[in-house]
2 protein chains.
Amino acid sequence: MITDLWDQETFVANLRAVGVRAYHDKHPFHLAMNEGRLSPESLRGWVANRFYYQRNIPIKDAAILSNCPVREVRRVWIHRILDHDGTPTRTGGLQSAQPGEVSAAEKLPLLEEGGIEAWLRLGEACGLSRDELLQNRHLLPGVCFAVDAYVNFARTQPWPIAIASSLTELFAPDLMATRLAAFEKFYSWIDPRGLDYFRRRTTQARQDSEQALAITVEYCNTPELQRDAVCALEFKCDVLWSMLDAIHHAYGSQPNL
Amino acid sequence: MITDLWDQETFVANLRAVGVRAYHDKHPFHLAMNEGRLSPESLRGWVANRFYYQRNIPIKDAAILSNCPVREVRRVWIHRILDHDGTPTRTGGLQSAQPGEVSAAEKLPLLEEGGIEAWLRLGEACGLSRDELLQNRHLLPGVCFAVDAYVNFARTQPWPIAIASSLTELFAPDLMATRLAAFEKFYSWIDPRGLDYFRRRTTQARQDSEQALAITVEYCNTPELQRDAVCALEFKCDVLWSMLDAIHHAYGSQPNL
């Protein structure tokens, strides 16, 4: 039976506790990755499959935007889509209907290329072509189902709960730092310029998770919503874990030495 | 029976023809507005009700983003949400969870305040408080149903068709210019600074419609999709017309002189 509203400190502690017990940094495949026990084939399998997650993040975040009637929240959340998609360059993007006219997109500042592009470059650094990734050629059913479940969750759940599900970002910077060191040490066959995505996400994930946590604490403001937020974060951990299950079964890792 | 793919010129001509016969510039309420035949009460009723349309535009555009798997299209489309919502200022927006840290939102450039804010100022210039608008105090059922139908259309239709439905923007600049002149001439009791929204939309609508037209022509690329795009634009004209029906019935206009 649900009883009391948690105070902010308890609520945040309960959210963080989910990461301690369920975040995918403890999955055998990640342990193997960070200990240098992945073959090039396994690593490529992970990069190719994780791309399906990456490419669906803006879709998921747009679903949250579309469910959120609070302008102040939308104005904060939208940068996630810009971070992943990037913004069009002066020469790229769609042609305007009447050549010679200045398109509205050109009013946007030139930001970075975006996280999806950075992941495509990680793929190339691993020996995977852009087409292999863009056409989902290596996508495993279990990964597809898990990612689709996450997007569907964001479409159908109340937006503060969908935002709470993104809080795995709270636990991401440590994993990202460990991963970056592991890649440089154990997988030197990968061009280090391909690792930009991890570098940028170390900072972005910290900023993103602060914003998401502030929104979760403010808008999950009933006992029921607080419990649902914790469940949403558990669900998201299950999504990430389930992806690694499928990848581990398909590509394997070398035994612990 | 659907037969041939229209060439681009025919397709665009068929889209433009929808505006000639069905755009709401020909609605009796708009004719009365532009001829100076609206009472302050009627004009306020229109401003208050049209605000419900304005505030739902970013929700509608986020639904389109969320349904669109094409990154190049999303990168162009997203500026509409920024245009309407604006971006947070350094001091505004949500507080970060850990004060003192730089939030990711602060990396965004300082754009304008956004179209929704500009419409709130139009309301104030007409004598409507922000709260009256934000709480939908004057919202008529017919306006609510029409706007909700438009948002629902964007959520459920294929994204190129939802984009085609936005093409009423093709016809907006002329109406906006006429309206601006009418407001300055007939409704001088409204502070002219409140008319910023119309001024900025005259330019934005032209740019937006060029982009939307280019996307529609590129992605509505079967005979069926072309016909559906024309129907989508007719539907959108019905949405705008139906809003004015409800407003006209509720608030009226003075007879033609």
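The values are calculated or read from the model by the stated rules, or taken from the named source; none is laboratory data. Worth saying up front: this structure is predicted, and the values here are computed from it rather than measured. Ideal geometry is used to build each Cβ from the backbone, glycine not excepted, and the neighbour counts take in all protein chains shown. To get the accessible areas, we keep the full protein, side chains included, count just its heavy atoms, and leave off ligands, DNA and RNA. Shrake-Rupley method; radii C 1.70, N 1.55, O 1.52, S 1.80 Å.
In deg cm²/dmol and to the nearest 500, what is the mean residue ellipticity at 222 nm of chain B if only DSSP H runs of at least 4 residues count, each as -39500 (n - 2.57), divided by the residue total? If you can, show how the numbers build up before the last one.
Values: 11 runs with 173 residues, N = 257.
One gets -22000 deg cm²/dmol as the mean residue ellipticity at 222 nm.
Semi-axes, largest first, in whole Å: what does sqrt of 5 times each Cα gyration tensor eigenvalue give for the protein assembly as shown? Mind dumping the intermediate values first?
Numbers: eigenvalues 409, 147, 75 Å².
One finds semi-axes of 45, 27, 19 Å for the protein assembly as shown.
Under the convention of a label 7 Å out along Cα→Cβ, give the distances in nm from residue A:186 to the same position in every other copy, shortest first.
Spelled out, the distances from residue A:186's label point are 7.4 nm.
Principal axis extents for the stretch A:209-257, Cα atoms only, whole Å, descending order, please.
Cα extents, longest axis first: 47, 21, 17 Å.
If I take R0 = 30 Å and measure r between the Cβ atoms of residue A:16 and residue A:186 in this structure, what FRET efficiency does the formula 1/(1 + (r/R0)^6) give, to the nearest 0.05? Each step should come with its number before you reach the end.
Working: r = 29 Å, r/R0 = 0.98.
According to the calculation, E is roughly 0.55.
When you look at the Cβ of every residue in B:125-135, what mean number of other chain Cβ atoms sits within 10 Å?
Details: counts 0, 0, 0, 0, 0, 0, 0, 0, 0, 1, 0.
Mean number of neighbouring Cβ atoms from other chains: 0.
Separation between the residue A:200 and residue A:174 pseudo-spin-labels, each 7 Å from Cα along Cα→Cβ, expressed in nm?
Going from the residue A:200 label point to the residue A:174 one covers 2.6 nm.
Considering only the label points, 7 Å along Cα→Cβ from Cα, what distances in nm to one decimal separate residue A:156 from the same position in each other copy, shortest first?
Label-point separations across copies, in nm and ascending: 1.7.
In what sequence, largest accessible area first, do A:126, A:144 appear using a 1.4 Å probe? Kindly include the intermediate steps, with their values, before the conclusion.
Numbers: A:126 5, A:144 30 Å².
Reading off the accessible areas and sorting them downward yields A:144, A:126.
For labels at residue B:31 and residue A:70 in the simple 7 Å Cα→Cβ model, what's the distance in nm?
With each label point 7 Å from Cα toward Cβ, the separation is 4.6 nm.
Roughly how much of residue B:80 is accessible, in Å² to the nearest 10, using a 1.4 Å probe?
Surface accessible to solvent at residue B:80 totals approximately 10 Å².
Given labels modelled 7 Å from the Cα in the Cβ direction, how far is it in nm from residue B:39 to residue B:130?
With each label point 7 Å from Cα toward Cβ, the separation is 3.0 nm.
Say a label goes 7 Å from Cα toward Cβ at residue B:70 in every copy; what distances in nm does this one have to the rest, shortest first?
Spacings between copies for this position, smallest first, are 3.5 nm.
Given contacts defined as C-alpha pairs under 8 Å and at least six residues apart, what's the relative contact order of the stretch B:8-251, whole-number percent?
Numbers: 290 pairs, mean separation 80.8, N = 244.
Relative contact order, the stretch B:8-251: 33 percent.
Based only on Cα atoms, what mean projected area does the convex hull of the stretch B:8-251 have, in nm²?
Details: hull surface 55.9 nm².
Orientation-averaged projected area of the Cα hull: 14.0 nm².
For A:156, A:222, B:87, what's the largest-to-smallest order of accessible area, 1.4 Å probe? Don't skip to the end; give the middle numbers.
Numbers: A:156 90, A:222 45, B:87 10 Å².
I get A:156, A:222, B:87, largest accessible area first.
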